[in-house]
Amino acid sequence: MNKKLLIATDGSTYSNQALLYAAQLFGDQMDITFHLLNCTRQGHGALPEPADNQNSLFPSSTENESRCNAANSCLKQAKERLYRLGIITDRVTSSVVAAGNVAQAIQSTAEHLLVDCILIARRGIGFVGEMLLGSVSADLFRKCHQIPLWIIDGEVTSKNILIALDGSCNSLMAVDHLAHILSGREDVGIFLYHCQRIFHNKSGLREQLHPKWDEDWCNTYLTGKKDIYDAPLQLLREADIPENQVTILPETAHIDKSSSIISQARRHQCSTIVMGRRRAGMKRRIWGEVTTRTIKNTQNMALWIVG
């Protein structure tokens, strides 16, 4: 099954690092395609129709024509960079959107194109700013719950991936997303890690059954003392990911789960962390807070956020 990744690019060093991450992880995976999106701010604010490959979304004016030319130049450079990294042009499409709200434009384009994830770079770590992410990535984090969001910070060098489990349906959906993206891969090390928060009661997966899995499947893999791991392991098996590529790390208890997750990722040379989070409209619980703190403190890592 083909998968499509939307990469938001603006020609900056940060977005170039996102291109490098995508190429390193998926350069030789012919079932993965890429859509490059450049969003140019439009002062009048109204969001046009979804992007097209002819880049015909700009109103005709000298100023907007200049913006369009700059955006197309940025996309051309991004395509050339991917080509130099080993990704043939047949696997890459692109479009330009003029929008008053860049985050909304990215999300709308992703929904229109039915992509599997949105990949966006952030501009480093700092206490000042929108949720420590920058306005565009922060807006996407707050509002984009239907499409998995991959946030890239700095240079990501290892293919190893850590999946943070918490015994919820949200983290199971995160595993399901990873299994879909990495189906059949034999070159990626996957680490499953469950950190219990001290003074926090664990809730089992069976309490949060999802319509995606039928009753027989849930009765088989969401029962018993190891339900934290049984269901994720089965999802990886069904995706033809070899079991020798998967490592279950010892459980720990920690007051700050986010710091424990990041520490384990670094210890095992995992440059990507995969996490589930509460869905829009769900009662706020500790997992949403853990996701936010993990984003705040990751450096030279990629964070896949599902939910």
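Read-outs: derived from the displayed coordinates by stated rules, not from any lab. Computed from a predicted structure; not experimentally measured. Here the Cβ is made from the backbone with ideal geometry for all residues, glycine too, and neighbour counts use every protein chain on show.
Brief remarks follow.
- Inter-probe distance in nm under a simple model that places probes 7 Å from Cα toward Cβ, at residue 13 and residue 186: 4.0
- Computed extension gain for residue 84 through residue 259, at 0.36 nm per residue and net of the alpha carbon distance, reaches 59.4 nm.
- Cβ-Cβ distance of residue 252 and residue 62, R₀ of 45 Å, FRET efficiency by 1/(1 + (r/R0)^6): the value works out to about 0.15.
- Cross-link check: pairs 3/79; 159/212; 4/257 evaluated at a Cα-Cα cut-off of 20 Å; pairs beyond the cut-off: 159/212; 4/257.
- The HN-Hα couplings worked out from phi for the range 152-167 by the Karplus form 6.51 cos²θ - 1.76 cosθ + 1.60 (θ = phi - 60°) are 9, 10, x, 8, 10, 10, 9, 8, 4, 10, 10, 9, 8, 9, 9, x Hz, whole numbers, x standing for Gly and Pro.
- Between residue 113 and residue 2, the modelled labels are 1.3 nm apart [label points 7 Å from Cα along Cα→Cβ].
- Cα→Cβ-extended label distance, 7 Å offset, between residue 267 and residue 73, nm: 5.0
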